[in-house]
Amino acid sequence: MAESLQNLTPVQTTILGSLTGFIDVSCTQWMLYSKTLSQQSALFANGSFFKCVTQQPGRMYRGYTTSLLNVCTLTALQFPLTSATTAFITKGETRRLTDSEMCVSAFAGGVASGFVCSPLELV
């Protein structure tokens, strides 16, 4: 499986990264909203959490578009950057990476995408 992912083009890895970010945000946004409410000590105040879940479930997805933009951009960058780092490490050869090579590749992709996505967190 890992070897077949090395054969993807940069466009394909970017699309795969974007789809992964979309799925991530779509599945976890309600938990992020709940966490924010709990940090503000408002999760169970006046039954607000239960009111959201039962009467206004769409409210659990407040901030969805912003989260979607941020995470899709982040993963759309991380996937091809990690792939490029993998190609650099393997010198273009299709082979299974060692554990340390995987860690270095993923770390490099994350660091490189951080330069773009960190300013998005401030918006």
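The values are calculated or read from the model by the stated rules, or taken from the named source; none is laboratory data. Keep in mind it's a predicted model, so treat the numbers as computed, not measured. Using ideal geometry, Cβ is built from the backbone for each residue, glycine included, and neighbour counts are taken over all protein chains shown. Each accessible area value is taken on the protein alone, full model and side chains, heavy atoms only, with ligands, DNA and RNA left out. Shrake-Rupley method; radii C 1.70, N 1.55, O 1.52, S 1.80 Å.
For L19, the solvent-accessible surface with a 1.4 Å probe is about 100 Å², rounded to the nearest 10. Just to verify a number: FRET efficiency for T66 and C27, C-beta to C-beta distance, R0 = 25 Å, to 0.05? Computed FRET efficiency for T66 and C27: 0.90. One chain, two ends: T36 and R95. Fully extended at 0.36 nm per residue, the span grows by 16.9 nm beyond their Cα-Cα distance.
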